[in-house]
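Asks: My structure is below; once you've seen it, I'll send some questions.
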Amino acid sequence: MSNHAMIADRFEIADLFTRFALLLDERRWDDAGTVFTDDVVVHSPRGGAMRGLDSLVDFMRKAEIEGELTQHTQFDVLVELDGDRAAVSANSVVYYFREGEPPHQIGGLRSSSVVVRTPMGWRVSEHEVKPQWIRKD
């Protein structure tokens, strides 16, 4: 694989994680297939082990809290390419707030994922999130 192709893959994967954060913040559950594979496996402390896109979307819909908004920030995205697969880790800070108010809760997360190249582009096939800290005001 050329250096140009590897750099392009890294940018596309970084964009995938930005789209993931926006999907969560904007609650665009119907667009989950633009981020995840149909057979995605997710491990979350709140949802346990989920298998399949439908199960994940169902969990995300049910996890919504009326009037609570989020802002996910992603950073320290580390991509380890291996052909059409990559191991990806990232740190996140999530701000929980109500319209027009400062955050009432902030949490730090560490995630690890496996992403795969599909005909539609890179998609998350496995994802695990681990809370690192939480601050409630």
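The values are calculated or read from the model by the stated rules, or taken from the named source; none is laboratory data. Owing to the predicted nature of the structure, the values given are computational and were not obtained by experimental measurement. Reconstructed Cβ throughout: ideal geometry from the backbone, glycine too, with neighbour counts over all protein chains shown.
Asks: Name the residues in region 27-48 that are modelled with pLDDT of 95 or more and of a type in the set (Gly, Ala, Ser), would you?
Replies: Listed by number, the residues that qualify are 32, 33.
Asks: For region 43-59, give me each residue that is within 26 Å of residue 14 (Cβ to Cβ) and surrounded by 13 or more Cβ atoms within 10 Å (Cβ to Cβ).
Replies: 43, 44, 47, 50, 52, 53, 56, 57, 59
Asks: Would you mind telling me which numbered condition in (1) surrounded by fewer than 17 Cβ atoms within 10 Å (Cβ to Cβ); (2) under 16 Å from the mean Cα position of the chain (by Cα); (3) under 22 Å from residue 11 (Cα atoms) residue 124 fails?
Replies: Tallying (1) surrounded by fewer than 17 Cβ atoms within 10 Å (Cβ to Cβ); (2) under 16 Å from the mean Cα position of the chain (by Cα); (3) under 22 Å from residue 11 (Cα atoms), residue 124 fails exactly one: (1).
Asks: While we're looking at this one, here's another question. Before we move on, is residue 25 surrounded by 12 or more Cβ atoms within 10 Å (Cβ to Cβ), in contact with a Ser or Thr (Cβ under 8 Å, 6 or more places away or on another chain), farther than 16 Å from residue 127 by Cα and not β-branched (Val, Ile, Thr)?
Replies: yes
Asks: Then there is this: Name, by its number, the condition in (1) over 16 Å from residue 120 (Cα atoms); (2) under 15 Å from the mean Cα position of the chain (by Cα) that does not hold for residue 13.
Replies: Tallying (1) over 16 Å from residue 120 (Cα atoms); (2) under 15 Å from the mean Cα position of the chain (by Cα), residue 13 fails exactly one: (1).
Asks: Of all the residues that make up region 120-135, how many are in contact with a Lys or Arg (Cβ under 7 Å, 6 or more places away or on another chain) and in contact (Cβ under 8 Å) with a residue 60 or more places away in the chain?
Replies: Within region 120-135, residues that are in contact with a Lys or Arg (Cβ under 7 Å, 6 or more places away or on another chain) and in contact (Cβ under 8 Å) with a residue 60 or more places away in the chain number 1.
Asks: Can you work out which of the residues in region 60-78 that are of a type in the set (A, V, I, L, M, F, W, C), over 14 Å from the mean Cα position of the chain (by Cα) and outside any loop (DSSP other than H, G, I, E, B) is surrounded by the most Cβ atoms within 10 Å (Cβ to Cβ)?
Replies: Restricting to residues being of a type in the set (A, V, I, L, M, F, W, C), over 14 Å from the mean Cα position of the chain (by Cα) and outside any loop (DSSP other than H, G, I, E, B), the top hit is 69.
Asks: So for region 84-96 (the condition being surrounded by 17 or more Cβ atoms within 10 Å (Cβ to Cβ), at pLDDT 95 or above, assigned to a strand (DSSP E or B) and more than 14 Å from the chain's Cα centre (by Cα)), does at least one residue qualify?
Replies: Within region 84-96, one or more residues are surrounded by 17 or more Cβ atoms within 10 Å (Cβ to Cβ), at pLDDT 95 or above, assigned to a strand (DSSP E or B) and more than 14 Å from the chain's Cα centre (by Cα).
Asks: Residues in region 12-28: is at least one under 13 Å from residue 113 (Cβ atoms) and either assigned to a loop (DSSP other than H, G, I, E, B) or acidic (Asp, Glu) (or both)?
Replies: No, region 12-28 has no match at all.
Asks: Quick one: in region 97-115, of everything that is hydrophobic (A, V, I, L, M, F, W, C) and closer than 13 Å to residue 17 by Cα, which residue is surrounded by the most Cβ atoms within 10 Å (Cβ to Cβ)?
Replies: 115
Asks: Let me ask something else. May I ask you to list the residues in region 89-116 that are over 21 Å from residue 46 (Cα atoms) and in contact (Cβ under 8 Å) with a residue 60 or more places away in the chain?
Replies: Result: 115, 116.
Asks: Separate question: Restricting attention to region 98-118, does a residue exist that is touching a Gly at 6+ places or on another chain (Cβ under 7 Å) and closer than 20 Å to residue 26 by Cβ?
Replies: As a first pass, look at region 98-118 and keep what is touching a Gly at 6+ places or on another chain (Cβ under 7 Å): 98.
Narrowing further to those that are closer than 20 Å to residue 26 by Cβ: 98.
Yes, region 98-118 has at least one match.
Asks: Take the residues of region 33-56 that are assigned to a helix (DSSP H, G or I) and of a type in the set (Gly, Ala, Ser): which is nearest to the chain's Cα centre (by Cα)? Give the derivation first.
Replies: The initial filter retains those residues of region 33-56 that are assigned to a helix (DSSP H, G or I), namely 33-34, 53-56.
With of a type in the set (Gly, Ala, Ser) added as a condition, the list becomes 33, 55.
Working: 33: 12, 55: 15 Å.
Taking the candidates together, the pick is 33.
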